[in-house]
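Contents: one structure, followed by commentary.
The values are calculated or read from the model by the stated rules, or taken from the named source; none is laboratory data. All values derive from a computational prediction rather than experimental measurement. Neighbour counts run over all protein chains shown; Cβ positions are idealised from the backbone, glycine included. Surface accessibility is based on the protein's heavy atoms, side chains included, excluding ligands, DNA and RNA. Shrake-Rupley method; radii C 1.70, N 1.55, O 1.52, S 1.80 Å.
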Amino acid sequence: MKATNAQLNNRGKNILLECLQFGGNREFWDGFPDNDEIWMYFQNCYKFAVDKIGFLHTDKNIICAVIVTEPNRRNLFVYYLPITETWQAKLMSNKRSENGNKLHQRDETNTPLYRQILNKDNPRLSHSEFWKARGGLTSYSDLQEDFYIQVSERYGAIRGESLSLIKNTSSAQQNRFHRHEDDEYDDLYFDDLPFRY
């Protein structure tokens, strides 16, 4: 935190440390000719991580990167602090609650109002704001799609069909999987019976 001069948004259950994991199954690793190529793959994974989760595309918020190798399993773990230079702050009104606290300002439809903050000198350590800055609802999906296109596809990796709700699917995935509004994956099916007869 000192290296980036980050402020801690100490509210709720803020996540302070996160990890990106890069790996593959036995078939994926069998496609590599030697350990030098595997090392090169993990270097490309790390470069991708710095670009996507690095503070201002640097490694200042990355605490460590660890490669674990076992006979049939190889993984790169990148541990980082979710630090972002952009976040939203509530717009407060002059009105006060019964307890004397300022109330959140709202528009004519009663929607809460926010202002966008950009501060590279005093960024914020906040899991939610970190992922909002990277796409919000589709941020993880976008990250996976970008990794597939930029790194793993070049190494022969194959991605399965996306079965997530379309609101959680990036536009690139929607195009690749021919997804559209009201398709079969957009209906949530809940079965609250504990068992079937």
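Restricting the range 29-43 to residues that are open to solvent by less than 30 Å² (accessible area, probe 1.4 Å) and touching a Phe, Trp or Tyr at 6+ places or on another chain (Cβ under 9 Å), the residue that is farthest from Leu118 (Cα to Cα) is Phe32. All told, Ser139 falls short of being in contact with a helix residue (DSSP H, G or I) (Cβ under 9 Å, 6 or more places away or on another chain), at pLDDT below 85 and surrounded by 15 or more Cβ atoms within 10 Å (Cβ to Cβ).
Table: residues versus (1) at pLDDT below 90; (2) closer than 30 Å to Ala3 by Cβ; (3) open to solvent by 100 Å² or more (accessible area, probe 1.4 Å); (4) touching a strand residue (DSSP E or B) at 6+ places or on another chain (Cβ under 9 Å).
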| site | (1), (2), (3), (4) |
| --- | --- |
| Leu118 | no, yes, yes, yes |
| Arg124 | no, yes, no, yes |
| Gln150 | no, yes, no, no |
| His178 | yes, no, yes, no |
| Tyr197 | yes, no, yes, no |
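Considering the range 2-22, the residues that are outside any loop (DSSP other than H, G, I, E, B) and under 17 Å from the mean Cα position of the chain (by Cα) include one that is surrounded by the fewest Cβ atoms within 10 Å (Cβ to Cβ), namely Gln21. Pairs meeting the criteria (first residue in the range 58-82 and over 19 Å from Glu129 (Cα atoms), second residue part of a loop (DSSP other than H, G, I, E, B) and open to solvent by 50 Å² or more (accessible area, probe 1.4 Å), beta carbons under 9 Å, at least 6 apart or on different chains) are Ile63/Leu17; Ala65/Asp59; Asn72/Asn25; Arg73/Asn25.
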